[in-house]
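Below you'll find the structure, written out as structure tokens, and then a few comments.
The values are calculated or read from the model by the stated rules, or taken from the named source; none is laboratory data. This structure is a prediction, so every number in the text was calculated from the model and none was measured. Virtual Cβ from ideal backbone geometry, glycine too; neighbours counted across all protein chains shown.
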Amino acid sequence: MISCGSTPEESDDHSVKKVFQETKNMSNWIEIAKVDQIPVGQGKEFTINGRIVALFNVAGEFQAIDGICAHAGGPLGEGVLSGCIVTCPWHGWQYDVHSGAMCLNDQIRQESFPVKIEDNAVLVEMP
Ligand code: FES
């Protein structure tokens with residue numbers, strides 16, 4: 001039984017411990033860069049768990065989207081960032097890096113990933 005002030009880890013109830021451990025393991029935050037590696041207005045490509053992720057610094061706020069362009073696989077992390085819009089370097093498709101939506105057709109959408117900063121590190125939550 002868990003009482004106020006105790007944690008499931010301190011509990012004798014093994015089922016509560018198991019649920020607590022599973023909940024802790026559900027998030028998958030991965031450090032991919034230091035804040036100063038991505039200057040304001042720029043992006044960079046990273047490989048995380050076998051996936052290409054494009055990370056952008058939009059006025060000091062970091063955004064992460066699937067880095068492989070939906071058109072023909074271009075490297076979005078190498079695209080030019082203007083405000084919150086990245087232009088694919090191969091054929092010019094443009095995406096809003098906040099939502100991952102293509103600018104001309106928001107039915108086409110790059111997957112986006114939550115980002116947080118901890119101790120000067122940029123962490124991305126992968127599914
Ligand atoms: S591959 Fe990105 S626009 Fe063609």
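Checked against (1) in a strand (DSSP E or B); (2) surrounded by fewer than 12 Cβ atoms within 10 Å (Cβ to Cβ); (3) within 16 Å of the ligand (Cβ to nearest atom), residue 45 passes all but condition (2).
Within segment 61-72, work out how many residues are more than 7 Å from the ligand (Cβ to nearest atom) and either of a type in the set (A, V, I, L, M, F, W, C) or within 14 Å of residue 47 (Cα to Cα) (or both). Residues meeting the conditions: 7. Taking residue 67 as the residue in question, decide whether it is buried (at least 23 other Cβ atoms within 10 Å of the Cβ) and farther than 20 Å from residue 118 by Cβ. Here the answer is yes, as residue 67 does meet what is asked. Take residue 81 and decide whether it is under 24 Å from residue 27 (Cα atoms) and either touching an Asp or Glu at 6+ places or on another chain (Cβ under 7 Å) or touching a residue at least 40 places away in the same chain (Cβ under 8 Å) (or both). It is false that residue 81 is under 24 Å from residue 27 (Cα atoms) and either touching an Asp or Glu at 6+ places or on another chain (Cβ under 7 Å) or touching a residue at least 40 places away in the same chain (Cβ under 8 Å) (or both). Residues of segment 73-95 that are within 10 Å of the ligand (Cβ to nearest atom), part of a loop (DSSP other than H, G, I, E, B) and surrounded by fewer than 17 Cβ atoms within 10 Å (Cβ to Cβ): 73, 89, 90, 91, 92. Of all residues in segment 12-41, those being within 21 Å of the chain's Cα centre (by Cα) and at pLDDT 50 or above number 16.
Restricting 45, 61 to those that are touching a Pro at 6+ places or on another chain (Cβ under 8 Å) and either at pLDDT 95 or above or among the acidic types (Asp, Glu) (or both) reduces the list to 45.
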